[in-house]
Amino acid sequence: MKKITLILFIIFPIINIIAQNKDIYGSVYYKFALNKNEITKRNNAKKNVKDMYKGLYEFIADVKFKLEFVNKKSIFSVKDELDNGLKPKGASIASKLISNGSYYCDLNEDIQLRKVDGEILVETQPSNIKWILTQETKKINNYLCYKAISSVTNKNSTGVYTFEIIAWYTPEISVASGPKQFVGLPGLVLELKDTHYTFFATEIVLFPKEKPIIKPFKGKIITEEKYQERIREMMGGFIKR
């Protein structure tokens with residue numbers, strides 16, 4: 001009984017704060033770590049490949065990612081270079097290597113834009129992500145989180161690979177935002193196990209003095225299929241050289 005009372009005591013102030021605000025807005029800061037399967041794979045790689053990865057990750061080891069959200073709109077990207085202590089090159093490497101770009105999402109319009117290669121915007125639909133909700137729970141930063149499972153399939157020159165995606169979301173913050181393209185859950189995602197990396201929240205800022213401004217990226221919009229076609233053409237040209 002005491003445990004239930006304590007949980008209610010923690011949750012009710014958060015619910016009251018959200019209820020008093022017409023808009024739900026804030027920021028989440030994430031760090032990242034390699035998944036265990038990736039660590040094993042890279043440990044078994046050739047020495048020159050291991051040395052290359054080691055150099056890259058030492059360069060961006062302290063990078064943080066930032067999720068800004070206002071109701072059903074959000075932007076996920078590398079935290080500002082100056083705040084990260086990164087040079088622009090380091091931020092660019094982190095964006096390409098870890099998150100595969102920056103993400104704008106509008107759940108009302110069912111649109112997501114991933115910014116890659118300068119002004120190229122890859123358009124997808126968040127509703128295409130299918131989640132299995134479970135009753136498994138754990139605490140993250142004092143928030144009660146629930147486990148959700150999805151999957152993604154990636155295709156490249158070596159084959160087709162399917163990865164399990166695991167998200168831990170908290171209904172205590174009732175926005176459906178999360179890292180990268182993984183949105184649409186009944187609560188804010190505080191931890192995400194992606195294909196190769198795990199993103200975990202280190203700081204959550206609700207209702208800051210200045211509300212985040214969430215605007216769509218500007219650039220040339222193409223489909224995911226067209227983007228993958230561009231990648232195949234580029235890789236084909238590279239191999240021919």
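A few points about this structure:
- For region 69-220: relative contact order, % (alpha-carbon pairs under 8 angstrom, 6 or more apart): 21 percent
- Loop-located trypsin sites (Lys or Arg not before Pro) in region 148-226 whose Cβ has at most 16 other Cβ within 10 Å (DSSP): K209, K218
- Solvent-accessible surface (1.4 Å probe) assigned to S92 amounts to roughly 50 Å².
- Our estimate of slack between K31 and S92, defined as 0.36 nm per intervening residue step minus the Cα-Cα distance, is 20.4 nm.
- Sorted on the mean count of surrounding Cβ atoms within 10 Å across their residues, most packed first, peptides 143-150, 64-71, 184-191 read 184-191, 64-71, 143-150.
The values are calculated or read from the model by the stated rules, or taken from the named source; none is laboratory data. If you're wondering where the values come from, they're calculated on a predicted model, not measured in any experiment. Ideal geometry is used to build each Cβ from the backbone, glycine not excepted, and the neighbour counts take in all protein chains shown. When the accessible area is computed, the model is the full protein with side chains, heavy atoms only, and any ligands, DNA or RNA have been set aside. Shrake-Rupley method; radii C 1.70, N 1.55, O 1.52, S 1.80 Å.
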